[in-house]
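Enquirer: What follows is a structure written as structure tokens; I'll ask about it next.
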Amino acid sequence: MMENNLNWSAIFHNHIDVILKEKVKEILEIETLSDKDKVYWKNIYENNFPKQLRNTTFLMMFGHFEEMLYLLWRQYNPSNIELDKKGFGITKFKTYIKTTLQTDIGQHHAYQQISDAQKIRNSLLHIAGRVSLSKDTQALNDLIVRNPNMYSIHLDRVQLSYDGVLNFQKAVRSITEELLNKVLKSDS
């Protein structure tokens, strides 16, 4: 289920992306549209819709990850680690992840990517990606500057790149597999 649901999000993204690219070709051939409308709709299908598709896919994957963390915690929690009631998102599971992986998660690459992604997720959901409305604009800017292949800012809004979504998917896959492998290994 962990792998399958994550893959379906990627398949959804890739399928819709192909459809959008095909639609761009069709727009130019629609005789009832003025040249001005063709330029407008071509821009929407080439830029706006793919951006929204990346955001939607990213948010679906993030929701999937939180659900997998919850299910792993509930099913495979031999130390009976409590969730951090003060935490939000993945920070609720920080102690569980750290204890299960037996590592300093501050140095764990996938965890750090996902921790950064949570800040991007929060900006998309709570402030429509608008950097200037962030509670910590400088931290959000710094995160984006550190990850230029994944995130950018355009017109004061966080932008996700295709590589950003792909790298997030890889980080989610990596850490969920690592968690599952650790708990299954300790069960045997």
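Enquirer: For the range 30-87, give me each residue that is modelled with pLDDT under 95, outside any loop (DSSP other than H, G, I, E, B) and hydroxyl-bearing (S, T, Y).
Expert: If the condition is that a residue be modelled with pLDDT under 95, outside any loop (DSSP other than H, G, I, E, B) and hydroxyl-bearing (S, T, Y), then Y70 is the only one that fits.
Enquirer: Can you name every residue in the range 77-99 that is open to solvent by less than 50 Å² (accessible area, probe 1.4 Å) and under 23 Å from the mean Cα position of the chain (by Cα)? Step through it out loud before you land on a result.
Expert: Of the range 77-99, the ones open to solvent by less than 50 Å² (accessible area, probe 1.4 Å) are 77, 81, 83, 87, 89-91, 93, 96-97.
L83, G87, G89, I90, T91, F93, Y96, I97 - these are the residues of the range 77-99 that are open to solvent by less than 50 Å² (accessible area, probe 1.4 Å) and under 23 Å from the mean Cα position of the chain (by Cα).
Enquirer: In this structure, does F93 turn out to be assigned to a helix (DSSP H, G or I), under 18 Å from M60 (Cβ atoms) and not acidic (D, E)? Outline the logic, then answer.
Expert: Details: assigned to a helix (DSSP H, G or I): yes; under 18 Å from M60 (Cβ atoms): no; not acidic (D, E): yes.
No, not satisfied.
Enquirer: I'd like the full set of residues that are open to solvent by 90 Å² or more (accessible area, probe 1.4 Å) and at pLDDT below 95, limited to the range 1-20.
Expert: Step one: filter the range 1-20 for residues open to solvent by 90 Å² or more (accessible area, probe 1.4 Å), giving 1, 8, 15.
The answer is M1, W8.
Enquirer: For N167, state whether it is open to solvent by 30 Å² or more (accessible area, probe 1.4 Å), of a type in the set (S, T, N, Q), closer than 28 Å to W8 by Cβ and assigned to a helix (DSSP H, G or I). Reasoning before the result, please.
Expert: On the way: open to solvent by 30 Å² or more (accessible area, probe 1.4 Å): yes; of a type in the set (S, T, N, Q): yes; closer than 28 Å to W8 by Cβ: yes; assigned to a helix (DSSP H, G or I): yes.
Criteria met by N167.
Enquirer: Filter the range 42-97 for residues that are free of Cβ contacts under 8 Å to residues at least 24 places away in the same chain and of a type in the set (G, A, S); which is nearest to M150 (Cα to Cα)?
Expert: Top of the filtered list is G63.
Enquirer: Taking W73 as meeting all but one of (1) farther than 19 Å from N7 by Cα; (2) within 20 Å of the chain's Cα centre (by Cα); (3) buried (at least 18 other Cβ atoms within 10 Å of the Cβ), write down the number of the exception.
Expert: Only one criterion is unmet by W73, namely (2).
Enquirer: Also, quick follow-up: Kindly provide the set of residues from the range 133-188 that are touching a residue at least 40 places away in the same chain (Cβ under 8 Å) and touching a strand residue (DSSP E or B) at 6+ places or on another chain (Cβ under 9 Å), ordered by number.
Expert: Passing the criteria: Q159, L160, S161, G164, F168.
The values are calculated or read from the model by the stated rules, or taken from the named source; none is laboratory data. The model shown is predicted, which means the values in this text are computed figures rather than measured ones. Backbone-built Cβ (ideal geometry, glycine too); neighbour counts: all protein chains shown. Surface accessibility is based on the protein's heavy atoms, side chains included, excluding ligands, DNA and RNA. Shrake-Rupley method; radii C 1.70, N 1.55, O 1.52, S 1.80 Å.
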